[in-house]
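*Asks:* Before anything else, here's the structure in question.
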Amino acid sequence: MKKVGIVMGSDSDLPILRKTMDTLKKLDIPYECHIYSAHRTPEQARAFAVHARENGFGVIIAAAGMAAHLAGAIAANTTLPVIGIPCKGASLDGMDALLSTVMMPSGIPVATVAINGGVNAALLAAQILAVTDQDLANKLHDMRMADAARTLEKDNALQTEVNS
Ligand code: RP5
């Protein structure tokens, strides 16, 4: 199976990416994680993107906060699918990173998930890899069924508490 590349702009983004890694682990998807910044280490970020395909990656998740150019900078240097996670910073509630990540010009797409959307970034990466991997597609299906069952259990508990 192709690997998922995970790149974050700073170690301060790591709590969000831990959710990404936990979700990929549950699905037995191999990944590799790095701290590369579009601003502080632009050469390393570029080199990672340029060589990602030949290095066995199938999709890249890029997470950054504030003026979040990382996902766009990665996408500019590869035709692999790039998923952007806007990270909530100390001010502006993550709207700065959301707009910086999502508002890409035509020609260089970034599939942007919610602010701090570490779990959905992993699931979207999994769904991309599952296009050509039926075992993985089955695991994703099972995960959704389990999630639905948990939600129905919560509804049952609520009925007992408030409607009986
Ligand atoms: C961004 O700046 C990083 O992705 C991080 O979200 C934000 C702040 O970085 P630190 O100052 O915490 O290293 O590049």
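The numbers here are math on the coordinates, done by the rules we state, and not lab data. Keep in mind that this is a model prediction, so the values were computed, not measured. When we count neighbours, we look across all protein chains shown, and the Cβ atoms used for this are built from the backbone with ideal geometry, even at glycine.
*Asks:* Using the basic label-point model (7 angstrom from Cα toward the beta carbon), what is the Ala67 to Ala114 distance in nanometres?
*Replies:* 2.9 nm
*Asks:* Follow-up. I need to check one value: relative contact order of the chain, counting alpha carbon pairs closer than 8 Å and at least 6 residues apart, in percent.
*Replies:* Details: 288 pairs, mean separation 35.6, N = 164.
Once normalised by length, the contact order is 22 percent.
*Asks:* Work out the count of Lys pairs in the stretch 1-131 where the Cα-Cα distance is under 18 Å, with the pair 8 or more places apart or on different chains. All intermediate terms of the calculation are to be shown ahead of the outcome.
*Replies:* Numbers: Lys2/Lys25; Lys2/Lys26; Lys3/Lys19; Lys3/Lys25; Lys3/Lys26; Lys19/Lys88.
Total qualifying Lys-Lys pairs in the stretch 1-131 comes to 6.
*Asks:* Mind sorting Val50, Val4, Val102, Val162 by how few other Cβ atoms lie within 10 Å of their own Cβ, fewest first? Could you put the intermediate results ahead of the total?
*Replies:* Values: Val50 13, Val4 26, Val102 16, Val162 7.
Ascending Cβ contact count within 10 Å gives the list Val162, Val50, Val102, Val4.
*Asks:* Once amide H atoms are placed 1.01 Å from N in the peptide plane, what residues at a sequence separation of 5 or more from Ala63, or on another chain, have their amide H within under 5 Å of its amide H?
*Replies:* For Ala63, whose amide H was placed from the backbone, the distant partners under 5 Å are Val7, Met8, Gly9, Ile85.
*Asks:* For the stretch 3-132, compute Rh as the Kirkwood radius over C-alpha pairs and then the Stokes-Einstein diffusion coefficient at 20 °C and 1.002 mPa s; write the answer in µm²/s, rounded to an integer. Spell out each step's value before the answer.
*Replies:* Values: Rh = 14.0 Å.
This corresponds to a translational diffusion coefficient of 153 µm²/s.
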